[in-house]
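*Asks:* The structure follows.
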Amino acid sequence: MNSPVRMEPSVPSAVPRREELALLRILVVAGEGGSAGGLLQNLRQWADDGRLEVDTAPDLPRAVRQLAGQRWDVVLAVLGEHPDDDPSWWVDTLRGATGSPRLIAVAQAPSMGLVLRAEKSGVLDVLSLPLRREELVRALERVRSVASETAVPLPLVEPHAVGPYALVGQSPAMLDVYKLLARVARSAATVLVQGESGTGKEVAARAIHMNGPHASGAFVAVNCAAIPENLLESELFGHEKGAFTGAVTRKIGRFEQAGNGTLFLDEIADMSLALQAKILRAVQEREIERVGGNETIPVDVRLIAATNRDLKEAIKQGRFREDLYYRLAVVTIRLPTLVERGDDLMLLTAYYVRLFAERYGKRIHAISDRALELLRAHAWVGNVRELRNVIERAVIVATDDTLRAEHLPDELRGEETTLADRPQGGLLTLAEAEARHIARVLAHTNGQIGAAAEILGIHRNTLTRKMKEYGL
Amino acid sequence: MTGPAPVRVEKALALMPELEALAPLRALLVSIARPDEATVWSSSGPYLTLGKRGVHPDELRRRMPQAFHRITEHLQALFKAYVEALECQQRGDAPGVVVALLRAGRLEEEVGRHTQARNWYEVALRVAEALQDRRPEVEALRALGYVCLALGEYAAGARHFQRSLALAEAEFDQAGATAASEGLGDVALAQGQWAGAQAWFSRGLRLAEAASDAPRAGRLERQLGVLARKQRDLAAAGEFLRRARERFEVAGLADEMARVLNEQGRLDAQLGRYAAASAAYREALAWVQRAPRDARLELSIRLNLAELDLEAGRLLEAEAELRRAEQVAIGGHVIRPLAQIYMLMGRLRGAQEDETGFVFFEQALELVKAVERSVATEAEVCHAYGLFRGRLGQQDEARAYLERARELFDSLGEAVERERVEAELRALSA
């Protein structure tokens, strides 16, 4: 296949330079008096030579009110004993405020747990009281670092359009996929598409359909995992009126809807064994019966199935029928993960930026080097789907012609670590490294201590103790 | 390394019989249910509902002591209230008996056990009826009125409030009369009887102002604001809400500030002022965190914020807010609003003409029948489901759901919503 990418001529950087920056506007949220009072006094003293404009709000509700009225660059939150002093709550409440201000949290002796929670929520930095000027300056530099971001022009992507869908990529892994797709599409063979979540299994199925003998028929997709088990059978095969409570009319199922086209069964591993047997019959006999009906209806559809599971393992565990597997896997296509696709990340980014810029009426021609760096550093568990989601959100919040780090979601920006920005040159103490790793593993296991302990190779009680110690 | 796969909630709940004794276990199971990481980004991720989340039996076993602790605490508090009632009885302090029994009822209401609360209030009322001092009776009737309102038994609620008002007036109990007026207004508002609600709230407000009861006056002004908005007198609604807000801000009542700002957001949304509405909801969220924990209030604000985004076509934001609300509901053991959350998710998919969005309505209906048992919510879900089916061109199914919604609104005596559904059915036939 031809290369889908052409580089556009470079566009000049749209990112303002540091010396062009206006004052940094900081809203300090703290009650007067105590250590917060001292902090305000200091800030007002530093404001003149630090090109800062400082105002105050006594608490979060009043801060929200002030933020609704005008643009602020930074919210400096003095966290105390109040329940709303959870950094994630602050980030959640400030979401949508004019200008998306960055949040800096200030607390008396912040615990490791607070720092990690703040980092996870996308808080820019956590500083301790009494506030030292150099620490604040360093945190504010990170806000201002937007000025030092260099715009990188987005390459022009010529996608192999497949209806409203597109296959984008020129990595060796994807070129192999293209070759296989081209061969498979010409036949009417049943295809099994395998790959992690978000790798584009439905896009590949549509490509096969559009380039195959059933292209003139419908492409009907069914997500087997999304539909409750008790409704999936009638969704696939249809039902007669009165077949069960709620069957108010006759329903034509997806097999029939697909007519002479293609039926795409996504996440097929999530189907019950009983339903797998019915699918097998439909594939073998090429006929179905509606739920509650006696009539046998012939169907002539091409079947493409997809899964992110290991079906052979599922067969071993007795959760998937072996005979159905061999019926479906006449040809198997395995899609690579986004990480395996290397520089396709840039192409996909460019493609989605253009797609969503057009949808939301924006003119975006470039991405900053820092934003690109953050995209490259991210783990992309959700592969292309996750990237698409991130870019769509970024395009929505972007206000000029460059997509910058500040437009990326908190989760990605949170990966610009707060702990790493420390005087000793970014090196962590052993305890800090351990706490961060434990937090990461817990996030991976959705907070399940048993599973986290297993991954970490320590006893559950040890993990519980360490979590307590680090305030996790 | 990953261990056995979790059990899906839909399967786990199917194994649990409908026994009251198992309600805390059901709540615990739901609250620990999580989507696995793979599901979040899979193609079924956007359709994830409670039923598709997973639970690990070992985690349920591990968390059981927490559930037992909560049950024990609740029972201890109930038993303590009862023993206090007995001690009062022994001392011949009948008003004290009523106070203790009412406290037990409130404890039941706090954990969402409205039917059980009503039982406590009925015992309290029987004791109060024998007293010469009628104020305990006024209070017991008011408590019964509100619990009936929560159970959707509007006629019974109105009867209790009426009787409470008559007694309070006979006793020159101004606070009792104000509260009963407020309750009668709330019942009328819930039934869409605008004129009645207006009369009762206005009467209550006059009484509250005469007694310099600022918090109650503020609450009545907020309710008058709600009423004015529903009647499309938006200027009057704004004025009532402004006055209520001033009273609450001076008094530093964070929960009331959150409620009034939540209503302000709805008013701004109705006026098409999306930015102002969004700011009001966000400030409401900030206040709610400063008040004692009230997940229902937080969920109400988040649902309104999501609906605002939905109506403004900001579908990504709407979905994100709904997912946050879902997490609050599941994590906070507040299962009732989940049906509304899924109904809005279904509407969101309908706006995208995504047929698979039907799974959200199905989940909402299942929750309404299995967990929430609220006729009002079932009516709302059927209404929205009918519109969803209609939008996809499935006219027969749309009609069936709209007819069911009409029937349910009828049973509630809800005139305004019934008329809306009727109009949609006429449009469908045309």
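*Asks:* Being more than 27 Å from B:Arg8 (Cα to Cα), assigned to a strand (DSSP E or B) and either of a type outside the set (A, V, I, L, M, F, W, C) or not assigned by TED's automatic domain parsing to the domain that holds A:Glu196 (or both) is the filter here, so list the residues in the stretch A:248-266 that pass it.
*Replies:* Looking only at the stretch A:248-266, we keep the residues that are more than 27 Å from B:Arg8 (Cα to Cα), and these are A:248-252, A:256-262.
From the residues that got through so far, the ones that are assigned to a strand (DSSP E or B) too are A:251-252, A:262.
Scanning the stretch A:248-266 gives A:Lys251, A:Thr262.
*Asks:* Oh, and also: Could you list, in sequence order, the residues of the stretch A:213-231 that are within 9 Å of chain B (Cβ to nearest Cβ), surrounded by 20 or more Cβ atoms within 10 Å (Cβ to Cβ) and part of a loop (DSSP other than H, G, I, E, B)? It would help to see each step written out before you state the result.
*Replies:* Narrowing the stretch A:213-231 to residues within 9 Å of chain B (Cβ to nearest Cβ): A:221-231.
Retained after the next criterion (residues that are surrounded by 20 or more Cβ atoms within 10 Å (Cβ to Cβ)): A:221-227.
Of everything in the stretch A:213-231, those that are within 9 Å of chain B (Cβ to nearest Cβ), surrounded by 20 or more Cβ atoms within 10 Å (Cβ to Cβ) and part of a loop (DSSP other than H, G, I, E, B) turn out to be A:Cys224, A:Ala225, A:Ala226, A:Ile227.
*Asks:* Additional query: Using beta carbons and a limit of 7 Å, which pairs, at least six apart or on different chains, have the first residue in the stretch B:18-39 and of a type in the set (S, T, N, Q) and the second one surrounded by fewer than 18 Cβ atoms within 10 Å (Cβ to Cβ) and part of a helix (DSSP H, G or I)?
*Replies:* These pairs meet every condition: B:Ser31/B:Gly331.
*Asks:* State all residues of the stretch B:60-109 that are surrounded by 14 or more Cβ atoms within 10 Å (Cβ to Cβ) and of a type in the set (Phe, Trp, Tyr); if no residue qualifies, say none.
*Replies:* In the first step, residues of the stretch B:60-109 are kept if they are surrounded by 14 or more Cβ atoms within 10 Å (Cβ to Cβ); the result is B:60, B:62-63, B:67, B:70-71, B:74, B:77-78, B:80-82, B:84-85, B:88-89, B:93-109.
Passing the criteria: only B:Tyr82.
*Asks:* Just give me the residues in the stretch A:353-381 being small (Gly, Ala, Ser), farther than 27 Å from A:Asn308 by Cα and surrounded by fewer than 21 Cβ atoms within 10 Å (Cβ to Cβ), in sequence order.
*Replies:* Initially, the stretch A:353-381 is screened for residues small (Gly, Ala, Ser), giving A:357, A:361, A:366, A:368, A:371, A:377, A:379.
From what is left, the residues that are farther than 27 Å from A:Asn308 by Cα are A:357, A:361, A:366, A:368, A:371.
Residues satisfying the conditions are A:Ala357, A:Gly361.
*Asks:* What's the total number of residues in the stretch B:47-84 that are hydrophobic (A, V, I, L, M, F, W, C), free of Cβ contacts under 8 Å to residues at least 40 places away in the same chain and within 14 Å of chain A (Cβ to nearest Cβ)?
*Replies:* Start the filter on the stretch B:47-84 by keeping residues that are hydrophobic (A, V, I, L, M, F, W, C), which leaves B:48, B:50, B:55, B:60, B:64, B:67-68, B:71, B:75, B:77-79, B:81, B:83.
Restricting the remaining residues to those that are free of Cβ contacts under 8 Å to residues at least 40 places away in the same chain gives B:48, B:60, B:64, B:68, B:75, B:77-79, B:81, B:83.
Narrowing the set further to residues that are within 14 Å of chain A (Cβ to nearest Cβ) leaves B:48, B:60.
Within the stretch B:47-84, residues that are hydrophobic (A, V, I, L, M, F, W, C), free of Cβ contacts under 8 Å to residues at least 40 places away in the same chain and within 14 Å of chain A (Cβ to nearest Cβ) number 2.
*Asks:* Out of curiosity, is B:Glu171 under 22 Å from the mean Cα position of the chain (by Cα) and acidic (Asp, Glu)?
*Replies:* On the way: under 22 Å from the mean Cα position of the chain (by Cα): no; acidic (Asp, Glu): yes.
Considered against the rule, which asks whether it is under 22 Å from the mean Cα position of the chain (by Cα) and acidic (Asp, Glu), B:Glu171 comes out as no.
*Asks:* Right, next: Among the residues of the stretch B:239-275, write down those that are among the aliphatic types (A, V, I, L, M), within 11 Å of chain A (Cβ to nearest Cβ) and under 29 Å from A:Gly80 (Cα atoms).
*Replies:* First, pick out the residues of the stretch B:239-275 that are among the aliphatic types (A, V, I, L, M): B:241, B:244, B:250-251, B:253-254, B:257-258, B:260-261, B:267, B:269, B:271, B:275.
Now restrict to residues that are within 11 Å of chain A (Cβ to nearest Cβ): B:254, B:257-258, B:261, B:275.
Within the stretch B:239-275, B:Ala254, B:Met257, B:Ala258, B:Leu261 meet the criteria.
*Asks:* If you don't mind, another one. Name every residue in the stretch A:245-258 that is within 17 Å of A:Glu295 (Cα to Cα) and more than 13 Å from chain B (Cβ to nearest Cβ), in order of residue number.
*Replies:* Taking the stretch A:245-258 as the starting set, the residues that turn out to be within 17 Å of A:Glu295 (Cα to Cα) are A:249-257.
Across the stretch A:245-258, the qualifying residues are A:Phe255, A:Glu256.
*Asks:* Looking at (1) away from chain B (no Cβ under 14 Å); (2) part of a loop (DSSP other than H, G, I, E, B), which one does A:Ala277 not meet, given that it meets all the others?
*Replies:* (2)
*Asks:* For the stretch A:47-84, name all the residues that are surrounded by 15 or more Cβ atoms within 10 Å (Cβ to Cβ), more than 14 Å from chain B (Cβ to nearest Cβ) and at pLDDT below 80.
*Replies:* A:Ala47, A:Gly50, listed by residue number.
*Asks:* Applying the selection to the stretch B:343-358, what residues are assigned to a helix (DSSP H, G or I), under 25 Å from A:Val220 (Cβ atoms) and either more than 12 Å from chain A (Cβ to nearest Cβ) or not hydroxyl-bearing (Ser, Thr, Tyr) (or both)? Working first, answer last.
*Replies:* Within the stretch B:343-358, the subset assigned to a helix (DSSP H, G or I) is B:343-351, B:355-358.
Now restrict to residues that are under 25 Å from A:Val220 (Cβ atoms): B:345-351, B:355-358.
Answer for the stretch B:343-358, where residues must be assigned to a helix (DSSP H, G or I), under 25 Å from A:Val220 (Cβ atoms) and either more than 12 Å from chain A (Cβ to nearest Cβ) or not hydroxyl-bearing (Ser, Thr, Tyr) (or both): B:Met345, B:Gly346, B:Arg347, B:Leu348, B:Arg349, B:Gly350, B:Ala351, B:Glu355, B:Gly357, B:Phe358.
*Asks:* Moving on to the next point. For A:Thr332, all conditions in the list (1) assigned to a strand (DSSP E or B); (2) within 14 Å of another protein chain (Cβ to nearest Cβ); (3) not hydrophobic (A, V, I, L, M, F, W, C) hold save one; what is the number of the exception?
*Replies:* Single failed check for A:Thr332: (2).
*Asks:* I've got another one for you. Count, please, the residues in the stretch B:384-408 that happen to be within 9 Å of another protein chain (Cβ to nearest Cβ) and aromatic (Phe, Trp, Tyr).
*Replies:* Number satisfying all stated conditions: 1.
*Asks:* Out of (1) at pLDDT below 90; (2) more than 18 Å from the chain's Cα centre (by Cα), what's the single condition that is false for B:Ile330?
*Replies:* (2)
*Asks:* Of all residues being surrounded by fewer than 20 Cβ atoms within 10 Å (Cβ to Cβ) and in a loop (DSSP other than H, G, I, E, B) in the stretch A:387-404, which is nearest to the other protein chains (Cβ to nearest Cβ)? Just the residue, please.
*Replies:* A:Thr399
*Asks:* When the stretch B:377-430 is examined, which residues are found to be in contact (Cβ under 8 Å) with a residue 40 or more places away in the chain and on the phi > 0 side of the Ramachandran plot?
*Replies:* Once the filter is applied, which keeps residues that are in contact (Cβ under 8 Å) with a residue 40 or more places away in the chain and on the phi > 0 side of the Ramachandran plot, the stretch B:377-430 yields only B:Gly413.
*Asks:* When you check B:Ala117 against the structure, is it more than 14 Å from chain A (Cβ to nearest Cβ), modelled with pLDDT of 95 or more and touching a Leu at 6+ places or on another chain (Cβ under 7 Å), yes or no? I'd like the intermediate steps shown before the answer.
*Replies:* Numbers: more than 14 Å from chain A (Cβ to nearest Cβ): yes; modelled with pLDDT of 95 or more: yes; touching a Leu at 6+ places or on another chain (Cβ under 7 Å): no.
Judged against the criteria, B:Ala117 is not a match.
*Asks:* Okay, next question. For A:Glu295, only one of the following conditions fails: (1) surrounded by fewer than 19 Cβ atoms within 10 Å (Cβ to Cβ); (2) acidic (Asp, Glu); (3) in a helix (DSSP H, G or I). What is its number?
*Replies:* (3)
*Asks:* A:Gly361 passes all but one of (1) within 14 Å of chain B (Cβ to nearest Cβ); (2) part of a helix (DSSP H, G or I); which number fails?
*Replies:* (2)
*Asks:* Please indicate, with yes or no, whether at least one residue in the stretch B:348-371 is more than 27 Å from A:Cys224 (Cβ to Cβ), surrounded by fewer than 20 Cβ atoms within 10 Å (Cβ to Cβ) and not hydrophobic (A, V, I, L, M, F, W, C). Explain how you work it out, then say what you get.
*Replies:* Of all residues in the stretch B:348-371, those more than 27 Å from A:Cys224 (Cβ to Cβ) come to none.
No: the stretch B:348-371 contains no residue that is more than 27 Å from A:Cys224 (Cβ to Cβ), surrounded by fewer than 20 Cβ atoms within 10 Å (Cβ to Cβ) and not hydrophobic (A, V, I, L, M, F, W, C).
*Asks:* Continuing with the same structure: If you scan the stretch B:91-122, which residues turn out to be under 30 Å from A:Ile449 (Cβ atoms) and either among the polar types (S, T, N, Q) or assigned to a helix (DSSP H, G or I) (or both)? Let's see the steps before the verdict.
*Replies:* So in the stretch B:91-122, the residues under 30 Å from A:Ile449 (Cβ atoms) come out as B:110-112.
Listed by number, the list holds a single entry, B:Glu110.
*Asks:* Return the residues of the stretch B:305-335 that are buried (at least 20 other Cβ atoms within 10 Å of the Cβ) and under 15 Å from B:Tyr274 (Cβ atoms); say none if nothing qualifies.
*Replies:* Passing the criteria: B:Leu305, B:Ala306, B:Glu307, B:Leu308, B:Asp309, B:Leu310, B:Glu317, B:Ala318, B:Glu321.
*Asks:* For the stretch A:338-353, check the following and say yes or no: at least one residue is away from chain B (no Cβ under 14 Å), touching a strand residue (DSSP E or B) at 6+ places or on another chain (Cβ under 8 Å), in contact (Cβ under 8 Å) with a residue 12 or more places away in the chain and charged (D, E, K, R).
*Replies:* No - not one qualifying residue is present in the stretch A:338-353.
*Asks:* Checking B:Leu29 against (1) over 18 Å from B:His333 (Cα atoms); (2) more than 14 Å from chain A (Cβ to nearest Cβ); (3) touching a strand residue (DSSP E or B) at 6+ places or on another chain (Cβ under 9 Å), only one condition comes out false. Which one?
*Replies:* Checking B:Leu29 against (1) over 18 Å from B:His333 (Cα atoms); (2) more than 14 Å from chain A (Cβ to nearest Cβ); (3) touching a strand residue (DSSP E or B) at 6+ places or on another chain (Cβ under 9 Å), the one that fails is (1).
*Asks:* Filter the stretch B:232-286 down to residues that are of a type in the set (S, T, N, Q) and surrounded by fewer than 22 Cβ atoms within 10 Å (Cβ to Cβ), then give me how many there are. Steps first, please.
*Replies:* If we filter the stretch B:232-286 for residues that are of a type in the set (S, T, N, Q), which is where we start, we get B:262, B:264, B:270, B:278.
Those left that are additionally surrounded by fewer than 22 Cβ atoms within 10 Å (Cβ to Cβ): B:270.
So the count comes out to 1.
*Asks:* Just wondering, is there one or more residues in the stretch A:151-174 that are within 14 Å of chain B (Cβ to nearest Cβ), at pLDDT 90 or above and more than 30 Å from A:Tyr470 (Cα to Cα)? Quick ask: steps written out before the conclusion?
*Replies:* As a first pass, look at the stretch A:151-174 and keep what is within 14 Å of chain B (Cβ to nearest Cβ): A:164-165.
Of the ones still in play, those that are also at pLDDT 90 or above are none.
No, the stretch A:151-174 contains no residue that is within 14 Å of chain B (Cβ to nearest Cβ), at pLDDT 90 or above and more than 30 Å from A:Tyr470 (Cα to Cα).
*Asks:* Sticking with this one: Which of (1) surrounded by fewer than 20 Cβ atoms within 10 Å (Cβ to Cβ); (2) within 12 Å of chain B (Cβ to nearest Cβ); (3) at pLDDT 75 or above is the odd one out, the single condition A:Val384 does not satisfy?
*Replies:* For A:Val384, the failing item is (1).
*Asks:* Read through the list (1) part of a helix (DSSP H, G or I); (2) surrounded by fewer than 18 Cβ atoms within 10 Å (Cβ to Cβ); (3) not hydroxyl-bearing (Ser, Thr, Tyr), then give the number of the only condition that A:Ala269 fails.
*Replies:* Of (1) part of a helix (DSSP H, G or I); (2) surrounded by fewer than 18 Cβ atoms within 10 Å (Cβ to Cβ); (3) not hydroxyl-bearing (Ser, Thr, Tyr), only one is false for A:Ala269: (2).
The values are calculated or read from the model by the stated rules, or taken from the named source; none is laboratory data. Here the structure is a predicted model, which means the values were calculated and not measured. FYI the Cβ positions are ideal-geometry reconstructions off the backbone, even for glycines, and counts take in every protein chain you see.
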